[in-house]
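Taking it in order: structure first as structure tokens, then the write-up.
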Amino acid sequence: MKNLLIIIIILLVFIIILFIVEKRIFSPFKGTVKSWLHHSDYNGRHITFKSKYNKLSGWFYGENNACPKGLIIFSHGMGVTSEYYIPEILYYVEKGYKVFVFDNTGYGANQGQFLGLSQAVVDLKSAIDYADNGTLPVTLIGHSMGGYAVCCVLNRLDLSKHNIKNIVTYAAPDNLSEMALAFLNAHGSLIRTLVAKIICFGQFLLYGTSAYLKASDMVDKNQQIQFVMIHGDKDDEIDIDTVSLISKVYTSPNVTKMIISEPELNTHMGVVRKNGMAINGINKEIVERIMEKL
């Protein structure tokens, strides 16, 4: 009995430590940044919606477009909020789209614990269910973590209720396992590989088998959807050759890969905006190529 109690205590301590580690690794970005554009300065309609137990903020743009071409839903990357993408949002509104953006659990002014990539998928599913009433074709756009989410959310959606026509990913990773190994530079190191596996196990405890979901599997499983993948060849966070979604081989004919090699555009943030600047115009050539596919 005493040995069993010791084992239970050790397991509890392990789980608590693991929870703290996961929280620190995936700690959300709070607040805003002065150099960004802000929702409060633009004609976006602020709403709130529930994502499980959390209340999240979202914004509709382009609701005054008389005959919108479609609904675009943005999923932001790790370390920024939806405000970072306002230049792109305004571009798509100008082109005749209705746009919905939101901040993930714990991000910006939102409450709740953000503990991993799977949480971004859960939040995005709730956002789609709220924003899409089934009357418009839907395009999902995601950057980095958001790029992973816009693919993996297909595993949770009832696609008979949502007309998902296009998915656009910027600098997206394919799966958590490869990300963890790359983050720890674990190649050739048994200890670092073990730590990466423990991090993934922690995500499994939090989110179940969905923690091991591969975005690439969702691409081939949903060949009726058009996927546009954008990645810089000098991405300093999601290596284009090993960790990225764009590096995988697909059987789907509806996959377009855009590898960006132009300096200042070919980095993790640069693919969204030159030099990764918060306000520096949009990457016009890239978004125009996206528009051709929508």
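Tabulated data for the structure shown
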| read-out | value |
| --- | --- |
| Förster radius 41 Å - calculated FRET efficiency between ASN155 and ASP236 (Cβ-Cβ, nearest 0.05) | 0.90 |
| Using a Förster distance of 25 Å, the FRET efficiency for SER35-ALA109 (Cβ separation, nearest 0.05) | 0.85 |
| Cα Rg over Rh - the chain, Kirkwood | 0.98 |
| Packing rank of 237-246, 199-208, 279-288, where each peptide gets the mean count of other beta carbons within 10 Å, highest leading | 237-246, 199-208, 279-288 |
| DSSP bridge pairs, the chain: antiparallel proportion in percent, nearest 5 | 30 percent |
| Extended-chain gain in nm, criterion 0.36 nm per residue less alpha-carbon gap, SER261 and LYS50 | 72.0 nm |
| At q = 0.20, 0.22 Å⁻¹, base-10 log of I(q)/I(0) for region 18-106 (Debye sum, equal scatterers on each alpha carbon) | -0.97, -1.11 |
| For peptides 150-159, 167-176, 83-92, sequence by mean Cβ density within 10 Å, most packed first | 167-176, 83-92, 150-159 |
| Stretch gain in nm, segment ASP129-LYS284, where the contour uses 0.36 nm per residue and the Cα spacing is subtracted | 52.8 nm |
| Mean Kyte hydropathy of -0.5 or more with a Cα span along the axis of at least 15 Å, helices from DSSP in the chain | 2-25, 117-131, 190-207 |
| Percent accessible area from carbon and sulfur atoms, the chain, protein chains only, probe 1.4 Å | 56 percent |
| Distance between modelled label sites at PHE201 and SER27, nm, 7 Å Cα→Cβ extension | 2.5 nm |
| FRET efficiency, SER189 to TYR250 (Cβ-Cβ, R0 45 Å, nearest 0.05) | 0.90 |
| Radius 9 Å from Cβ of GLY108, net charge of other residues (Lys, Arg +1; Asp, Glu -1) | -1 |
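The values are calculated or read from the model by the stated rules, or taken from the named source; none is laboratory data. Because the structure is a prediction, the values reported are computed rather than measured. Positions of Cβ are backbone-derived with ideal geometry, glycine not excepted, and every protein chain shown enters the neighbour counts. The area values use the complete protein model at the heavy-atom level, side chains included, leaving out ligands, DNA and RNA. Shrake-Rupley method; radii C 1.70, N 1.55, O 1.52, S 1.80 Å.
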